[in-house]
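Notes to accompany the following structure.
The values are calculated or read from the model by the stated rules, or taken from the named source; none is laboratory data. This structure is a prediction, so every number in the text was calculated from the model and none was measured. Don't worry about glycine lacking a Cβ; one is built from the backbone with ideal geometry, like all the others, and counts go over all protein chains shown. Accessible surface areas use protein heavy atoms only, side chains included; no ligands, DNA or RNA. Shrake-Rupley method; radii C 1.70, N 1.55, O 1.52, S 1.80 Å.
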Amino acid sequence: MADNVAQHFRPSEAAFLDVAQGLIRQALDEYRPVLTNFLNPRQRYIIETLVNQHDDLKWQHEGGYADAESARTVIAPAYYDIQQSDFELAVIAINYPQKFAELHHSTILGTLMNNGITRDSIGDIISGEEGTWHFLTTEPMATYIQTTMDHIGKTKVRFETASLTDISAPIEEWIEIDTTVSSLRLDTLVTNGYNVSRTHAKELVERGQVRVNWTDVDRPDFVLAVNDLVSVHHFGRLKLVAENGMTKKDKWRVSLAVMKK
């Protein structure tokens with residue numbers, strides 16, 4: 001991995017950078033579309049940044065519905081007409097006795113992980129009206145799940161094939177905030193995003209109440225980057241949308257998107 005590329009990203013992102021560059025090289029060498037697993041918003045931003053350096057390549061994301069948090073990406077030659085079928089998405093509906101059981105996002109995801117399924121094989125898990133649940137996955141993984149699994153936690157279920165039109169996209173309202181901050185530290189942006197004290201924000205992080213790109217982060221000084229998705233227990237989610245330069249007093253101008261609760 002070239003140092004001039006790596007310097008723009010976190011050291012912890014080096015492994016993903018290597019994977020992304022390998023996929024890009026494959027698309028260039030074989031002159032054909034290449035499909036990723038499910039990626040979080042930050043990973044998709046990295047892919048976009050790298051692909052945009054090549055005039056003869058393009059990218060497109062698809063997570064099953066507009067504004068999906070988790071999506072697959074096709075990296076393709078510029079001439080190629082990317083189709084929905086190129087993403088090889090499958091939709092699974094969870095059929096369960098709704099009168100006698102209740103499912104939760106964490107239980108569904110935990111059960112899938114406990115069965116050896118990696119996080120990047122599963123897209124968004126979506127709750128709908130009247131207790132319905134759907135999730136996105138890859139076509140091969142859908143077959144595996146349907147032939148080997150019949151429980152979520154202790155609840156007996158059936159994993160049934162559904163279509164993208166069956167998904168009720170979550171209704172989410174985001175408010176964009178343009179502000180200045182003293183740093184891009186996690187506790188600083190939580191403070192500004194949710195209008196809480198710096199002390200409270202620091203405590204939330206240290207107590208394991210905050211995740212960045214679906215990963216627990218307990219360091220208040222963790223530095224955020226563009227398209228990081230932050231989840232704060234009991235508060236909601238926020239994104240660092242853009243870095244807009246520095247002020248004369250060496251503060252960061254940033255754009256934040258905060259989910260309205």
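Scoring LYS154 on the criteria (1) surrounded by fewer than 15 Cβ atoms within 10 Å (Cβ to Cβ); (2) assigned by the TED database to the domain that holds LEU109; (3) at pLDDT 95 or above leaves a single failure, condition (3). Just to be sure before I move on: is LEU229 within 19 Å of the chain's Cα centre (by Cα), at pLDDT 95 or above and of a type outside the set (Gly, Ala, Ser) in the structure I sent? It is false that LEU229 is within 19 Å of the chain's Cα centre (by Cα), at pLDDT 95 or above and of a type outside the set (Gly, Ala, Ser). Under the condition of being within 24 Å of ILE117 (Cβ to Cβ) and either open to solvent by 20 Å² or more (accessible area, probe 1.4 Å) or in contact with an Asp or Glu (Cβ under 9 Å, 6 or more places away or on another chain) (or both), the residues counted in the range 38-66 number 13. Give the residue that is nearest to the chain's Cα centre (by Cα), with candidates limited to residues of the range 129-175 that are assigned to a loop (DSSP other than H, G, I, E, B) and without any contact (Cβ under 8 Å) to a residue 12 or more places away in the chain. Among them, the one singled out is ILE171. Among the conditions (1) surrounded by 15 or more Cβ atoms within 10 Å (Cβ to Cβ); (2) within 19 Å of the chain's Cα centre (by Cα), the only one that MET113 does not satisfy is (1). In this structure, does LEU229 turn out to be surrounded by 16 or more Cβ atoms within 10 Å (Cβ to Cβ), under 29 Å from ILE47 (Cα atoms) and touching a Ser or Thr at 6+ places or on another chain (Cβ under 9 Å)? Criteria not met by LEU229.
When ASP178 is tested against (1) part of a helix (DSSP H, G or I); (2) open to solvent by 30 Å² or more (accessible area, probe 1.4 Å); (3) in contact (Cβ under 8 Å) with a residue 60 or more places away in the chain, exactly one condition is not met: (1).
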